[in-house]
Each structure stands twice: as structure tokens, then as C-alpha cells.
Amino acid sequence: MQELQDILVSEIANGVLTLTLNRPAAFNALRNQLLSELADTLDAAAINDDVKAVLVTGGDSVFAAGADIKEMASLDMVGVMNDIRPTYWKRIAAFPKPLIAAVNGYALGGGCELMMHCDIVIAGDNAQFGQPEINLGIIPGAGGTQRLIKAVGKSMAMQMVLSGAFISASQARDFGLISEVVIPERTIDRAREVASLIARKPPIAVRLAKEVLLKAFDTSLDSGLNLERKAFTLLAATEDRNEGIAAFTEKRKPNFKGK
Ligand code: DAK
């Protein structure tokens, strides 16, 4: 376990790296230090072949209550314009391997947005999701307006962003914001099971699948299908594809090498 200032970084287990946001006294508020550690750790994980998937959690009681309001308070308009934070978010969004979130408690503002940067979300039934920035006279600033509406549709996204109201874990699941709800004691273990399952799959196919799926958010059907076709074709050149097909034919488990 490596203890950075704001994040705990686990050893890699079964191909899964676990990152635990670690500012419990501030409800894991996402100050610059935390975001930079997250971006740096993900950049390193992206080029580490041993990391097949990354699990992000805030632990047992809170995921993250948003940007650090106390830190944000000192920024005027020019300060916001020159803020380094968008560069951290860009790096997090560009992480090419599967990012799984395990959410207990509050995922608010930037915390909800961080969760939406993750590809799969498992939540405890104590989780609450919201974009309460409106109460501070601002709006979501890390993709919340765009990603939320794509995840939950217009009416619920408007309700959440304009009123600042929170939704429960079961509502979030019903609206497609997250994929599973479990008891809070199971959240991290269940997310780790999902991450480990993915970590056993052929890494190049996983990576291309993530890229092509995410493209569906911002391209036409035609270009998305073109990209899918190209990725599908590219995979025909991998050893893992031959291994997967051979293993099926020979009725044995595949041994994927990421080649
Ligand atoms: N920032 C800083 N400290 C926070 C915090 C936050 N977001 N949330 C909670 N804390 C701190 C509290 O100040 C308190 O610390 P002490 O005062 O005791 O030192 C401690 O955590 C516990 O909080 P409470 O005493 O308030 O606990 P409660 O159980 O009563 O309430 C709560 C929990 C989460 C409902 C409440 O703390 C709350 O409403 N927190 C604020 C939630 C919120 O408004 N979140 C949105 C923040 S704005 C951008 C990208 C992103 C963003 C902006 C720009 N760019 C790239 C440009 C994102 C903006 C946001 O997320």
C-alpha cells in the first residue's frame, strides 16, 4: 500500500489497482492535491501492463462530496479561467483501461462527476447522488451537465442540476447512472469482483471496447459503426483473438497475454 497525501494506492491484486480517496474529515472533497494525485496515478497505471483495471472508491461511508468548496472560494473569474483543474479531469477522462467505481454514501458535485468518469459503478444502498452546485451559484464544471443528461435523460438531469436534489441508489440504478446496488458492506468487494472479472479478459479487446463504447456518446451512429468495424478488424491481428478461439475449440480456459 502506497500512501499519498490524499489517496491510498493498493498493491495490484489480480490485475486490479485500487485507489481509495482519503480525506475523510472533508468528506473526500476533491482538492487540487487529490485530483493531481489521481491523474498522476492513472497516468502511471495506463502504461503499467500489470494493471488491467482500476477500482476507485471513497471507502465505506462517503465517495466524495464534490470539489473542495473552501479551496474553490479563493478563485475569482480569472482564477477559474486559469484553473489547472480541467487538465486533471482531461487526464482522468483519457484513462484507457476500465475504471470501476465503488460508491458508498455521498457522490455529489465533482464526486458525482468523478463517478461518471468511471465506466462501471457499483453502489451501496446508502449512496446518494447529486449535482448541488446550483446551491453555490454555480453549475457542474467537470462534465456533469453533459455526462449526466446522457446517462439519465433530460428530465431527471434537469431536475438534479436545476434543483440540486439528490437521488438514491435505487433511483440511480433505475435511471442507468449506475449498474448495481448492494449492501454497503459489499460495495467494494463486489466492485472488485467485477474489476477482477474484466482483468481476466483480453486486454487489447477490453481497451478497444471501452474506446468504441465511449465514442457512442459523441459521434453519429454511422461514424460509431465505422469505428467499431475498424476496432473489430484490428483485433483479428491479435494473438489473444487466436487464443480465445483456440481455447473455445479445445474446450480449455484461454491464456490471454495482451498481444
Ligand atoms: N468541500 C469542502 N469541505 C466539505 C465539502 C466540500 N465539498 N463537503 C463536506 N465538507 C466538509 C465539511 O465542511 C465538514 O468539515 P468541517 O466543517 O467539520 O471541518 C465535513 O466535511 C463534514 O461535512 P458536514 O458537517 O456538512 O456533514 P453533513 O453530514 O451535515 O453534510 C453533506 C454532508 C455532504 C451533505 C454536506 O457537507 C454538503 O452539502 N457538502 C457540500 C456538497 C456540495 O455542495 N458539493 C458540490 C461542491 S461544488 C470544475 C470542476 C468541478 C467542479 C467545479 C469546477 N472545473 C474543472 C472548473 C465541481 C464543483 C463542486 O463539486
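Observations on the structure shown:
- The calculated FRET efficiency for ALA246 paired with GLU3, based on their beta-carbon distance and R0 = 30 Å, is about 0.10.
- Restricting the calculation to Cα atoms, every distinct pair contributes to the Kirkwood radius of the chain, found to be 19.2 Å.
- Under a Gaussian network description of the chain, with springs only between Cα atoms under 10 Å, the residue in ALA29, ALA236, ALA13 that fluctuates furthest is ALA236.
- Extension reserve of the ALA237-ASN32 stretch, reckoned as 0.36 nm per residue once the Cα distance is removed: 69.6 nm
- Were the residues from ASP43 through LYS215 laid out at 0.36 nm apart, the gain over their Cα-Cα distance would be 59.9 nm.
- Extended-chain gain in nm, criterion 0.36 nm per residue less alpha-carbon gap, ILE84 and LYS150: 21.2 nm
- Other residues lying with their Cβ under 12 Å from the Cβ of GLN131 contribute a combined charge of -1, Lys and Arg counting +1, Asp and Glu -1.
- Average Cα contact separation per residue, the chain, under 8 Å, 6 or more apart, as relative contact order %: 16 percent
- Spatially close lysines, pair count over the chain: Cα under 16 Å, gap of eight or more or interchain: 18
- Of the beta bridges in the chain, as assigned by DSSP with both residues counted there, near 30 percent are antiparallel.
- GluC sites (Glu not before Pro), loop per DSSP, at most 13 other Cβ atoms within 10 Å - longest free stretch of the chain: 12-249
- Amide H partners (placed H, <5 Å) of GLY105, local residues excluded: GLY124, ASN126, ALA127, GLN128
- A Gaussian network model of the chain, with springs between Cα atoms under 10 Å, assigns the largest mean-square fluctuation among ASP43, ASP76, ASP125 to ASP76.
A short reminder: the numbers here are calculations on the coordinates, not readings from a lab. Because the structure is a prediction, the values reported are computed rather than measured. Glycine gets a Cβ as well: all are built from the backbone with ideal geometry, and neighbour counts include every protein chain shown.
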